[in-house]
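Peer 1: Okay, handing you the structure first.
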Amino acid sequence: MATIRVPNEVPSPAQDSETLKQAIRGWGTDEKAIIRVLGQRDQSQRRKIRESFREIYGKDLIDVLSSELSGDFMVIISLTFLNHDLRFFLKRCDLIELQKAVVSWTYDPAERDARLVNKILNKEKKKKSLENLKVIVEISCTTSPNHLIAVRKAYCSLFDSSLEEHIASSLPFPLAKLLVTLASTFRYDKDRTDAEVATIEAAMLREAIEKKQLDHDHVLYILGTRSIYQLRETFVAYKKNYGVTIDKDVDGCPGDADLRSLLKVAIFCIDTPEKHFAKVVRDSIEGFGTDEDSLTRAIVTRAEIDLMKVRGEYFNMYNTSMDNAITGDISGDYKDFIITLLGSKI
């Protein structure tokens, strides 16, 4: 269930393009106008706006937004040095996060995910943190089979390399083996399941865990080929037959800690994606400071899919409103954009 609210009467892509052009013309940028247009348009409408903008003005809307908002950054930076005022510094930070969020939202979803994975894989070896690699698991296990194909196609088109090839050449074994398996899968996407297969494959998973072989071909075969619905049935069979959830058994298995962690994320994403994203949101705003990149990723990627369910799971898990928790942790135009995607009006 999506949270974005598209108006009953939507201007034409050409009209929206004109509004955006006016918002970024001259000295300064009308951030509120940009938020009101792009934050209340669905994927198809945003694609048409981008096409229309290029046709009318001969420029890519993504490039223009990045350039114009970056121009505002330089103004704020200059004012910061001149005034030594914390307000200017905070405004600068707000605009940076707004730019990243708006650009991410404006991209076609497959291109957005392809660029995100490429950014992770191109990091220096020591900067390829486990948290970054979990994002690749997230994309592979919480999106539709057709979307994952579109991501792989976009990756080849944008970066002159297959996604699988880049993973394999950038990461050590066995992490590369797991991530290539998950990223290259094409799952059956209907809810038909087979209880007998679930019991058999639960036993195969149990055997691999008992033998401390989390990268066993059986594990990867099952997680990388079965439908989401079949895997959920298998996880239920696992708990029923062995008295413990599979993620707890994986957690207690000795060996490669990173592999263990990525497998747990894969299981969590497959079994309860809404809880996964509720946790991403919670982790992004807990403690000192905000992880805006993670918060933006969660809101932007799920606003048209299941963010309403994520909101419900957040309340069940943390006994508080997700919207209130988010809005209490961020500010400015970035806040306005995020709450727009959550369905509020600014």
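Peer 1: If you take the alpha carbon radius of gyration of the chain and divide it by 2.2 N^0.38 Å, what ratio comes out, to two decimals?
Peer 2: Dividing the Cα radius of gyration by 2.2 N^0.38 Å gives 1.07.
Peer 1: Within the set Lys190/Lys239; Lys48/Lys153; Lys119/Lys211; Lys190/Lys212; Lys48/Lys134, which residue pairs have Cα atoms separated by over 25 Å? Before the final figure, lay out the partial values.
Peer 2: On the way: Lys190/Lys239 23 Å; Lys48/Lys153 20 Å; Lys119/Lys211 36 Å; Lys190/Lys212 32 Å; Lys48/Lys134 32 Å.
With Cα atoms farther than 25 Å apart: Lys119/Lys211; Lys190/Lys212; Lys48/Lys134.
Peer 1: If you don't mind, there's one more thing I want to ask. Could you tell me whether region 166-297 comes out rounded, prolate or oblate from its Cα gyration tensor? Rule is a ≥ b ≥ c as square roots of the eigenvalues, rounded for a/c under 1.5, then prolate if a/b exceeds b/c, otherwise oblate.
Peer 2: Values: a/c = 1.56, a/b = 1.38, b/c = 1.13.
Taking the square roots of the gyration eigenvalues as a ≥ b ≥ c, region 166-297 is prolate.
Peer 1: Separate question: Please name which of Thr185, Gln213, Val236 has its Cα lying farthest along the dipole of region 175-264 towards the positive end, using unit charges on Cβ (Lys, Arg +1; Asp, Glu -1) and the Cα centre as origin.
Peer 2: Of Thr185, Gln213, Val236, it is Val236.
Peer 1: If one computes the Cα centroid of region 98-168 and of region 178-195, what distance in Å separates the two points?
Peer 2: 19
Peer 1: Restricting to DSSP H runs of at least four residues, report the calculated mean residue ellipticity at 222 nm for the chain, -39500 (n - 2.57) per run over all residues, nearest 500 deg cm²/dmol.
Peer 2: Helix contribution divided over all residues of the chain: -22500 deg cm²/dmol.
Peer 1: I'd like the chymotrypsin sites (Phe, Trp or Tyr not before Pro) in region 258-329 restricted to DSSP loop residues with at most 15 other Cβ atoms within 10 Å, sorted by number.
Peer 2: On the way: sites: Phe268, Phe277, Phe288, Tyr314, Phe315, Tyr318; in loops: Phe288.
Within region 258-329, the qualifying chymotrypsin sites (Phe, Trp or Tyr not before Pro) (loop, at most 15 other Cβ atoms within 10 Å) are Phe288.
Peer 1: Next question, about the same structure. Under the rule that an exposed site lies in a DSSP loop and has at most 14 other Cβ atoms within 10 Å, name the longest stretch of the chain with no GluC sites (Glu not before Pro) of that kind, not counting the sites themselves.
Peer 2: So the longest stretch without any such site is 125-285.
Peer 1: Quick one: with all protein chains in place, what share of the accessible area of the chain is carbon or sulfur, to the nearest percent (1.4 Å probe)?
Peer 2: Numbers: 8620 of 17010 Å².
Solvent-exposed carbon and sulfur of the chain make up 51 percent of the total.
Peer 1: Let me ask another. So what is the accessible area of region 241-323 per residue, in Å², with the probe set to 1.4 Å?
Peer 2: Value returned for region 241-323: 44 Å² of accessible area per residue.
Peer 1: Per residue of region 192-207, what does 6.51 cos²θ - 1.76 cosθ + 1.60 with θ = phi - 60° give for ³J(HN,Hα)? Whole Hz please, x for Gly and Pro, Karplus curve as stated.
Peer 2: 6, 9, 10, 5, 5, 4, 4, 5, 5, 6, 4, 5, 5, 5, 4, 4
Peer 1: Name the long-range amide H neighbours of Ile346: under 5 Å, sequence gap of 5 or more, or other chain; modelled H, no Pro or chain starts.
Peer 2: Those lying under 5 Å, H to H, from Ile346: there are none.
Peer 1: Next question. What does the charge dipole of region 242-346 about its Cα centre add up to, to the nearest 20 debye, if the Cβ of each Lys and Arg holds +1 and the Cβ of each Asp and Glu holds -1?
Peer 2: 280
Peer 1: What are the ³J(HN,Hα) couplings of region 273-284, residue after residue, when phi is run through the Karplus curve with 6.51, -1.76, 1.60 and θ = phi - 60°? Round to Hz, x for glycine and proline.
Peer 2: Values, residue by residue: x, 5, 5, 4, 6, 4, 5, 4, 4, 4, 5, 6 Hz.
Peer 1: For region 267-308, report the % of Cα-Cα distances exceeding 12 Å.
Peer 2: 58
Peer 1: Work out from phi, with θ = phi - 60° and the Karplus expression 6.51 cos²θ - 1.76 cosθ + 1.60, the ³J(HN,Hα) of each residue of region 235-245, listed in order in whole Hz, and give x for Gly and Pro.
Peer 2: After applying 6.51 cos²θ - 1.76 cosθ + 1.60, I find 5, 5, 4, 4, 5, 5, 7, 10, x, 8, 6 Hz.
Peer 1: What chymotrypsin sites (Phe, Trp or Tyr not before Pro) does region 110-202 have in DSSP loop regions with at most 15 other beta carbons within 10 Å?
Peer 2: Phe186, Tyr188
The values are calculated or read from the model by the stated rules, or taken from the named source; none is laboratory data. Just so it is clear, the structure is predicted and the values come from calculations on it, not from any experiment. Every residue, glycine as well, gets a Cβ built from its backbone with ideal geometry; the counts of neighbours run over all protein chains shown. These accessible areas exclude ligands, DNA and RNA; they are computed on the full protein's heavy atoms, side chains included. Shrake-Rupley method; radii C 1.70, N 1.55, O 1.52, S 1.80 Å.
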